[in-house]
Amino acid sequence: MSISTTSQPDRAQELWRRCLASAFRTALACTLVGGTTLYGPARITRHLTFPAFSYVTVILIVSDATFGDTLRGSWLALYATVQGVGPAILTLWLIGPAQLTTCTTAVAVAMSAFVVAVPESTHLIAKRIALGQIVIVYVIAYVQGGECEPVMHCVHVAASTGIGVLACVVALLFPYPRLATCEVKRNWKQFENNASERLELFVEALCAEDIQCAQALISQAKLLAIRSTKYLHFIKSKQESMQWERLPIKFLKPYCMNPGERLEELDKPLRGMEIALTSSSNPVQTLDQELRDGLLRLEEHIGQTLKKVLPLDSPTFPESNAKNVLKSLQTLQTVPQNQKDLPTFFFLFCLKLLQKKSMATSSTNVSVIDGSPILSVQNSIIKPNTTLSHEVGGPIKCPNPMRILIGFYAGRKTNSSKQDRLAFSKGVWSNWGAMNKRYKRLISALKCSLSLGLAVLFGLIYSKENGYWAGLPVAISIAGAREATFKVANVKAQGTVLGTVYGVLGCFMFQKIAQVRFLSLLPWFIFTSFLQQSRLYGQAGAISAVIGAVLILGRKNFGPPSEFAIARIVETFIGLSCSIMVEIVLQPTRGSTLAKMQLSKSLKALHECVSLISLGDSKTSLGDSQKKLKTHVNELKQFIGEAEVEPDFWFLPFNSACYYKLWGSLSKMEDLLLFVDHAIGSLERIDKLEGHIERFKKMICSSVKCFEEVSLVKSLSHLEKELEKKNIAHDIELGKPPSSIVFGSCGSAEDEIEKIISYYLEDSREVVDKVNSVEVDNDGIKTQNCLSLSALVFCMVSLVRETREIEKGVKEIMQWENPSTQVNLHEISWKVHTLYK
């Protein structure tokens, strides 16, 4: 076996190429701005009176951008100018710059910032540029007083923004355009090679003859999975940029509108194979030679299919061999005899699912109705976001020539009462969600308004001439969502100091040849490009470092560099301090508290999702509930990351390791529920097995409900006091309900699980045998039933076991927060239930 995994030198070379390319284009754009503002014709430079903001615009738009990103940034800069400069012209004309004071200037900035920050639809880059313009327009008008001419002053700010935008466009075109379409195509190809290699490793691990070899292969596949996640993240981040490139460059070939989503459909079965191989300590399985050979042929077939699928090309699939390759799996027409064979059957289920998804593009038609694209499948019209059943057997065609990878879900029947309940709950959830979003948007706008207003106020009090440097860092770093306040402020301050000190040193070294001191920025651009990729500083710290150096080395007539550097560092500190203070006052909830609350929400969403699993007549798709669970789990990871880096102060340290374990279990359960949905979607109504599924559901749901209630309890002593107040401390023991099986001993839980599995497999064999006696398996239906039934019970067992892992994690957190008390989750849950029922 030869696996061409990406080596460390190759990854280093790729990083160097990307960072050098980004640094070159940033340097070129800043050079164009510097050359124009420092040495351009007087009739042009007299309108470019704010070169500092020209550099800021360049950094906001061109950093690690593609041509599509730059086009979008140019449009956003124009839109931001209308938002920021347009109203300011009218305001200054009515009030008069001479009438401005320190307080009125701060109020004007705060009110204008609130108006800009409120609309949710406004892009973050547009908000940052507009807020920066507002700070410069009002503060400089106040500084100049009666000498300021309102209209021309605002025109100069707009012109300074425009020269920055123009420099970005030229930089991204020279020496050749950096197209997002090409970047996505390259990453798509890398993802396909990565997926093919992972598949080969997984199949080799399943067929391995010893444990050590199998575990080594699985470890290699896990490393490749990390790279795969990065490819997917990059492709998703460039989807909007690809759309912008299609406008001026008509000759580009058609491409998938949602390539990230298409590739995710391929990544999910691979994650399922990893779950199958890591579900036991011994991944080695005994396979007969015919099945082993069939697996290798199927793996080779899927690998060839993956390597021929490109988003911009017209692929050709080896469809003629697909049915012949699948015949090797059709010998599996019997449900496994015992539990140890379930991982193998689940692996084969995922392998067949991957084969189906990789071939799905060969027959997908995309048409347009009323100006919007739709998918046409077997004479039925389906909206683009609607998921389609993998039971749909016929090929689906895609024009243009475009091949998209899409998973299929069955249309499911639901009885009217359940539909009414679901519709009502969705309506309530939608209304509450809309109100919550409006509230969060207003709070975010208020934070931005107060932060800018206070920064300008205190900045002007400290230094009237340099007051705008307090508000500008706050304006250009406004976040679209909650972030780790102290960490971000820290890296911004450090980045500003690093960049400013480098700028001062550059001025000192090139003081005799000031005309070429701008060249000293090139190594700094390269360094900050790597800095942007690091965890230590990230994008916020790197941008601050770039701006700090550029504003000194790219300007003239600002006084001694050392004095300017000190003034700017102090003003930046004032602005960041105001931002932190407003964040603490308006949103005092710590990241650790939010992570704890989000854990409870995730458990609630998990409970709702598991409760929908059914083999009965009224099957309900898990699609919406599973997406809701995925959203909550992703938010949990964000809050964990924020809580991990926030300072402890006098609070209890955050147990990030335990929370990450809980997140890992929830993420795995999210994947398992997706496979449950796929397995149920390929089965007809089976009443005989419904009881076994219900027993699994009861084990999971009862425990998860308890975890949801317990996870919100922080102080057990406070809980005991509340019980004593209501005089129910001694009544709890009388009405204690029986604990769930997961809360019981490990031995009893395992015995119960094995019993359910044994009965389930026995009844499944009867169901399959009944089908075999009636039908001839020409299309692999019996094999599909065997694989689906086996995959379903494997997923349910895995869900139960992950529930036990969650139990351990919740118990560890409770013990961490209450070190002096012996924690009993079932007892705590019953106390909470008794207190608040």
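The values are calculated or read from the model by the stated rules, or taken from the named source; none is laboratory data. Model, not experiment: these values are computed from the prediction. FYI the Cβ positions are ideal-geometry reconstructions off the backbone, even for glycines, and counts take in every protein chain you see.
Mind listing just one residue for me: the one in region 618-636 that is modelled with pLDDT of 85 or more and of a type in the set (S, T, N, Q) and, of those, surrounded by the most Cβ atoms within 10 Å (Cβ to Cβ)? Applying the filter and picking the extreme gives Ser625.
Does Thr45 satisfy the condition of being buried (at least 18 other Cβ atoms within 10 Å of the Cβ), among the polar types (S, T, N, Q) and assigned by TED's automatic domain parsing to the domain that holds Glu149? No.
The set of residues in region 158-217 that are assigned to a loop (DSSP other than H, G, I, E, B) and either in contact (Cβ under 8 Å) with a residue 60 or more places away in the chain or touching a Cys at 6+ places or on another chain (Cβ under 8 Å) (or both) comprises Phe174, Pro177, Arg178, Leu179, Ala208, Glu209, Asp210. When every residue of region 63-80 is checked against the conditions, none turns out to be of a type in the set (Val, Ile, Thr), modelled with pLDDT of 90 or more and under 30 Å from Val107 (Cβ atoms). Among all residues of region 53-64, there is at least one that is in contact with a helix residue (DSSP H, G or I) (Cβ under 8 Å, 6 or more places away or on another chain) and of a type in the set (Gly, Ala, Ser).
Considering Ser829, Ser740, the condition of being at pLDDT below 75 and buried (at least 18 other Cβ atoms within 10 Å of the Cβ) is satisfied by Ser740 alone. Just wondering, is there one or more residues in region 179-187 that are within 28 Å of Ile275 (Cα to Cα) and either among the charged types (D, E, K, R) or surrounded by fewer than 24 Cβ atoms within 10 Å (Cβ to Cβ) (or both)? Yes, region 179-187 has at least one match. Identify, please: which residue in region 601-617 is in contact (Cβ under 8 Å) with a residue 60 or more places away in the chain and in a helix (DSSP H, G or I) and is, among those, nearest to Phe707 (Cα to Cα)? Looking at the filtered set, the residue picked out is Leu603. Among the residues of region 137-150, is any buried (at least 18 other Cβ atoms within 10 Å of the Cβ), in contact with a Gly (Cβ under 6 Å, 6 or more places away or on another chain) and hydrophobic (A, V, I, L, M, F, W, C)? Yes: region 137-150 contains one or more residues that are buried (at least 18 other Cβ atoms within 10 Å of the Cβ), in contact with a Gly (Cβ under 6 Å, 6 or more places away or on another chain) and hydrophobic (A, V, I, L, M, F, W, C). Among the aliphatic types (A, V, I, L, M) and either at pLDDT 80 or above or under 15 Å from Ser788 (Cα atoms) (or both) - does that describe any residue in region 353-360? There is at least one residue in region 353-360 that is among the aliphatic types (A, V, I, L, M) and either at pLDDT 80 or above or under 15 Å from Ser788 (Cα atoms) (or both). Applying a threshold of 8 Å to beta carbon distances and a minimum spacing of six or more residues, or different chains, the list of pairs starting in region 520-541 at a residue that is among the hydrophobic types (A, V, I, L, M, F, W, C) and ending at one that is surrounded by fewer than 16 Cβ atoms within 10 Å (Cβ to Cβ) reads Ile526/Leu20; Phe530/Leu15.
For Gln598, indicate whether it is farther than 21 Å from Glu802 by Cα, part of a helix (DSSP H, G or I), in the same structural domain as Cys786 (by TED's automatic domain parsing) and polar (S, T, N, Q). When the stated conditions are applied, Gln598 does not pass them. Checking each residue in region 504-548 for being part of a loop (DSSP other than H, G, I, E, B), in contact with a helix residue (DSSP H, G or I) (Cβ under 9 Å, 6 or more places away or on another chain) and surrounded by fewer than 16 Cβ atoms within 10 Å (Cβ to Cβ) picks out Gln511, Ser534, Leu536.
Which of the residues belonging to region 18-44 are among the small types (Gly, Ala, Ser) and within 22 Å of Leu179 (Cβ to Cβ)? Correct list: Ala21, Ser22, Ala23, Ala27, Ala29.
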